[in-house]
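Notes follow the structure.
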Amino acid sequence: MRLYDTARRAVVPFEPGPHVLMYTCGITPYDATHLGHAATFISYDVLQRRLIDRGHRVSCVRNVTDVDDPLFAKARELGVHYLDLAAGEEARFEADMAALNALEVTARPRASSAIADIRGFIGMVIERGDAYVVNGAVYFDISCAPRFGSLSGLGIDEMMDLARQRGGDVDNPDKRNPLDFVLWQPSRDDEPAWDSLWGPGRPGWHIECSALALRELGTTIDLHGGGADLIFPHHECEMAQSEAATGEVFVRHWMHTALVAKDGEKMSKSLGNLVFIDQLREQWDAMAIRLALIEHHYRTEWEWDDSLMERNRRRLWAWRAAVSEQDRALGDDTDNDGVNEVGNDAVLDAVRDRLDDDLDTPGAVAIIDEAAAAGRRIDSAAALLGVRLAATD
RNA sequence: GGCGACGUGGCCGAGUGGCUGAGGCAAGGGCCUGCAAAGCCCUGUACCCGGGUUCGAUUCCCGGCGUCGCCUCCA
């Protein structure tokens, strides 16, 4: 199959071995799952389904960032322990994903479970001479990563200028280079702290994914995913520190999903223009929500509007009607069995073909729309997209 | 400023080198109806601008303009 690779800026063949190693950046569980999260993870879910369909074994790891600033801030605001807040929101997220019929991922490790791995990982980077310790903090030395910026397409000098202009943490006198980023940092008084060789503290933002990917999947992974907003700095930093620690290529293929907008702006927690999955589920069939997500291409930015759900409710209804009609026909006349199964396979193959072309889910949905209208069997094709048509839910 | 995406009828949104435009919403007309609602039928000189390639471009290429996203809170 072919997929767009962020690092190479082109649609390229994606031909992993029999066992595919996949890592996607998960959520920071301080608020409910919104449409943007769902769009991202359902994209990877469809990819995973097609890889399995092609005969691959897929190990997919999706972390949970339960040690991070926004989580601490929200816990502070609510007056609860950050891990209690995280556990609750994580459960809501998993319930949303299950309702949308997402496959179980192979592992969903929490950052808080990885402190020992993170300390070990930082040790590896320091031993390589690519990180340094100042005042209880560990910084990655950007000058040791000549390829830094290659993922996002930004040059070192450029990033430097921009970081200065934008007032990143460039004025920190402890850093040798304004772009150096934190691997380990001292905690504030009301933040959790773990002992380490460099003093008590907590991990930097990017380090958990590197440590977890290494722990769960090994030095080199086939595909790393996440929202497009993570390309820089998160994934850029992840790549730099991982390759520094292991000396191996970190990721063979980078895949990023476009951000979802609402009211002309990116949907985001800080803007508050969110559509939450659990609220949507109160009003609409979860499979209609899934259809509303996959009728968009993962690399095209799109905007949420209220007509989406009504349209996809009807689409789901049409697909279900097509299946039950076919079932009835089959029951009445078993001689038709073979013919219908052939129709099913043809639709399935057409959908496979669309998915293999840079995960063209809109094209796949259109094919099933047409097949349903023409009275052909669509259940296998719908199942490949993760759309459950049985009336049991 | 750099990088990326996008710019299709009132709105949303597919799609295509020519055979005139998926679909949805809105709007107008009609059928039906005691009235209304629902339903059904009909109605639309579209592809940001300027160059180029071409017999021919909305579709390909170049350059503008505009919108959105990323550029250390973010899926």
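The values are calculated or read from the model by the stated rules, or taken from the named source; none is laboratory data. Given the structure is predicted, the values throughout are model-derived calculations rather than measurements. We place every Cβ from the backbone using ideal geometry, glycine too, and count neighbours over all the protein chains shown.
Of note:
- In the set A:314, A:377, A:299, only one residue is at pLDDT below 85 and surrounded by 17 or more Cβ atoms within 10 Å (Cβ to Cβ); that residue is A:377.
- The residue of region A:72-90 that is surrounded by the most Cβ atoms within 10 Å (Cβ to Cβ), among those that are more than 16 Å from residue A:111 (Cα to Cα) and of a type in the set (A, V, I, L, M, F, W, C), is A:75.
- Qualifying positions in region A:235-258 - surrounded by fewer than 17 Cβ atoms within 10 Å (Cβ to Cβ) and touching a residue at least 40 places away in the same chain (Cβ under 8 Å): A:247, A:252
- Any chance residue A:194 is aromatic (Phe, Trp, Tyr), more than 13 Å from residue A:23 (Cβ to Cβ) and touching a helix residue (DSSP H, G or I) at 6+ places or on another chain (Cβ under 7 Å): yes
- Meets criteria (in contact with a Pro (Cβ under 9 Å, 6 or more places away or on another chain) and not assigned by TED's automatic domain parsing to the domain that holds residue A:290) for residue A:90: yes
- Residue within region A:60-71 that is within 16 Å of RNA strand B (Cβ to nearest atom) and either exposed (fewer than 15 other Cβ atoms within 10 Å of the Cβ) or more than 22 Å from residue A:24 (Cα to Cα) (or both) present: yes
- Hits in region A:91-107 - residues which are surrounded by fewer than 18 Cβ atoms within 10 Å (Cβ to Cβ), within 28 Å of residue A:183 (Cα to Cα) and not aliphatic (A, V, I, L, M): A:106
- Qualifying residue in region A:164-171 (condition: over 23 Å from residue A:119 (Cα atoms), within 16 Å of RNA strand B (Cβ to nearest atom) and polar (S, T, N, Q)): yes
- Enumeration of residues in region A:192-211 that are of a type outside the set (A, V, I, L, M, F, W, C), more than 23 Å from the chain's Cα centre (by Cα) and crowded, with 16+ Cβ neighbours inside 10 Å: A:192, A:196, A:199, A:201, A:202
- Residue in region A:283-301 that is closer than 30 Å to residue A:73 by Cα and either assigned by TED's automatic domain parsing to the domain that holds residue A:70 or out of contact with any strand residue (DSSP E or B) (no Cβ under 8 Å at 6 or more places or on another chain) (or both) present: no
- Residue A:33 being in contact with a helix residue (DSSP H, G or I) (Cβ under 7 Å, 6 or more places away or on another chain), modelled with pLDDT under 95 and within 11 Å of RNA strand B (Cβ to nearest atom): yes
- Check on residue A:198, of a type in the set (Phe, Trp, Tyr) and either within 14 Å of RNA strand B (Cβ to nearest atom) or assigned to a strand (DSSP E or B) (or both): no
- Screening residue A:49 against (1) within 19 Å of residue A:287 (Cβ to Cβ); (2) in contact with a strand residue (DSSP E or B) (Cβ under 7 Å, 6 or more places away or on another chain); (3) away from RNA strand B (no atom under 11 Å from the Cβ) leaves a single unmet condition, (2).
- Considering A:179, A:151, the condition of being more than 20 Å from residue A:251 (Cβ to Cβ), part of a loop (DSSP other than H, G, I, E, B) and of a type in the set (A, V, I, L, M, F, W, C) is satisfied by A:179 alone.
- Complete set of residues in region A:80-111 that are in a loop (DSSP other than H, G, I, E, B) and among the aliphatic types (A, V, I, L, M): A:80, A:100, A:102, A:103, A:105
- Only one entry of A:261, A:244, A:292, A:286 meets the criterion of being within 30 Å of residue A:118 (Cα to Cα), at pLDDT 85 or above and not aromatic (Phe, Trp, Tyr), and that entry is A:244.
- Residues that are in the same structural domain as residue A:40 (by TED's automatic domain parsing), within 7 Å of RNA strand B (Cβ to nearest atom) and either touching a His at 6+ places or on another chain (Cβ under 7 Å) or not in a helix (DSSP H, G or I) (or both) occur in region A:233-246; there is at least one.
- Pair list, Cβ < 8 Å and 6+ apart or interchain, from region A:133-158 residues that are within 19 Å of residue A:8 (Cα to Cα) to residues that are more than 14 Å from RNA strand B (Cβ to nearest atom) and outside any helix (DSSP H, G or I): A:145/A:130
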